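To keep things clear, I will list the structure first and then write my remarks on it.
Every number in this text was worked out from the coordinates using simple rules, so none of it is lab data. On a predicted model such as this, the values are computed, not experimentally measured, just so you know. All Cβ positions, even for glycine, are placed from backbone atoms using ideal geometry, and neighbour counts span all protein chains on display.
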Amino acid sequence: MSPLRLHLIWVLLAVAASGGCRLVSRRNPVPTELADARRLCNEGLAAADRQDLVRAESLLEAAVKSCPVDVDARRHYADVLWSRGQKMDAVGQMAKALELSPGDAGICIDAGRMYLELGLFAEADRLSAEAVRLAPGCHTAWHLRGQIAMARGQFAQAVTDFHRGLAIAPDDRRLLRDTAEAYLRLDRPRRALATLAVLGESYGPDQTPAAVLTMEALAQESLGRVDDARESYRQAIAKGDAPPEAAKRLAALDGGPVR
């Protein structure tokens, strides 16, 4: 018997011993529970696409119960639970997914983002470090690490992490936005504007989001370019979804002298 075939047999025996999908005969190599789980998972994802999150949750819960060792089913189930506001349950599913697949950088990143949003920085930091260790060439791993640094007020460290990510994915919009914000927090408006200029080139004419225009205006205002800042604030407000800060800052500028 070849070493590869022997290895595959041991893997199947380990799965069976774990209480997951049962072994079946050679004529039916795909465990019935796994096939059922994948079918339920696909139906659940289709329901989620239709924004029928109640049905999606029910189907994905059934998928997990059908085959508890199906990591993808648990991840999708966690996403739907999170979307429905059941955040601790979602984190619990991600924790189980990590137990099943501890070397999966993607799971580390997804779970780390959940912990970050919950304000559990220590757990988020641990998972981001693990993601960077597992996949140093993954820009989203560096992005997560930078976001955690930002949340902790460590803006210089955030910039360093964001630039590690940008070295891998220089056109990533979320990375560029967060890098610009970190520069603003560090009171480095010129670097913020330079970063926002790169970001702005990724949008079509008049497609720049209000939040980006507001950041641009803040940097311009910090540099004393008040007329430019006014125009950027006005463009942001005209989008209809500008941060409240845009209207407040514009009102303050209009009440002051024009430079």
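As a ratio to 2.2 N^0.38 Å, the alpha-carbon radius of gyration computed for segment 203-259 takes the value 1.03. The length gained on full extension between Ala122 and Ser83, counted as 0.36 nm times the residue separation minus their Cα-Cα distance, comes to 11.7 nm. Peptides 128-140, 108-120 ranked from most to least packed give 108-120, 128-140, packing being the mean of other C-beta atoms within 10 angstrom over each peptide's residues.
Converting phi to 3J(HN,Hα) with the Karplus coefficients 6.51, -1.76 and 1.60 and the offset θ = phi - 60°, segment 114-123 yields 5, 4, 4, 5, 7, x, 8, 5, 4, 5 Hz in sequence order, with x at every glycine or proline. With the helix formula -39500 (n - 2.57) applied to DSSP H stretches of n ≥ 4, the chain reaches a computed 222 nm mean residue ellipticity of -23500 deg cm²/dmol. Rg and Dmax, both from the Cα atoms of segment 92-155 and both in Å, are 10.8, 34.
How long are the three semi-axes of the equivalent ellipsoid for the chain, computed from the Cα gyration tensor as the root of 5 times each eigenvalue, in whole Å, largest first? Could you put the intermediate results ahead of the total?
Values: eigenvalues 433, 86, 45 Å².
So the equivalent ellipsoid measures 47, 21, 15 Å along its semi-axes.
Dipole size of segment 115-172 about its Cα centre, with +1 on Lys/Arg Cβ and -1 on Asp/Glu Cβ: approximately 180 debye, rounded to the nearest 20.
For segment 37-60 versus segment 88-140, the spacing of their alpha-carbon centroids is 23 Å. Our coupling estimate for segment 212-223, obtained by passing each phi through the Karplus curve with A = 6.51, B = -1.76, C = 1.60 and θ = phi - 60°, is 5, 4, 5, 4, 4, 5, 4, 5, 4, 4, 5, 8 Hz, Gly and Pro reported as x.
Count charges around Ala97 for me, please; just the other residues with Cβ under 14 Å from its Cβ, Lys/Arg as +1, Asp/Glu as -1. The partial results should precede the final answer.
Numbers: positive: Arg74, Arg75, Lys96, Arg113; negative: Asp70, Asp72, Asp79, Asp89, Glu99, Asp104, Asp110, Glu130.
Local net charge: -4.
Phi-derived couplings, Karplus 6.51 cos²θ - 1.76 cosθ + 1.60 at θ = phi - 60°, listed residue by residue for segment 149-164: 4, 4, 4, 8, x, 9, 6, 5, 5, 4, 4, 4, 5, 4, 5, 5 Hz, with x used for Gly and Pro. Sparsely packed loop sites in segment 150-227 (the GluC sites (Glu not before Pro) outside DSSP H, G, I, E and B with at most 14 other Cβ atoms within 10 Å) comprise Glu201.
Gly112 sits among other residues whose Cβ lies under 9 Å from its own Cβ, and their net charge, with Lys and Arg +1 and Asp and Glu -1, is -1. A simple charge model with +1 on the Cβ of Lys and Arg, -1 on the Cβ of Asp and Glu and nothing else charged puts the dipole of the chain at about 480 debye relative to its Cα centre.
Normalised by the residues of segment 203-259, what does the relative contact order come to in percent, with Cα pairs under 8 Å and at least six apart? List each step's numbers first, then the result.
Values: 57 pairs, mean separation 20.8, N = 57.
Relative contact order of segment 203-259: 37 percent.
Let's see if you can work this out: charge +1 on each Lys and Arg Cβ, -1 on each Asp and Glu Cβ, no other charges. What is the dipole magnitude of segment 203-259 about its Cα centre, in debye to the nearest 20? Provide the component values of the computation, followed by the final result.
Numbers: 7 positive and 9 negative charges, 26 e Å.
Using only the charged Cβ atoms, the result is roughly 120 debye.
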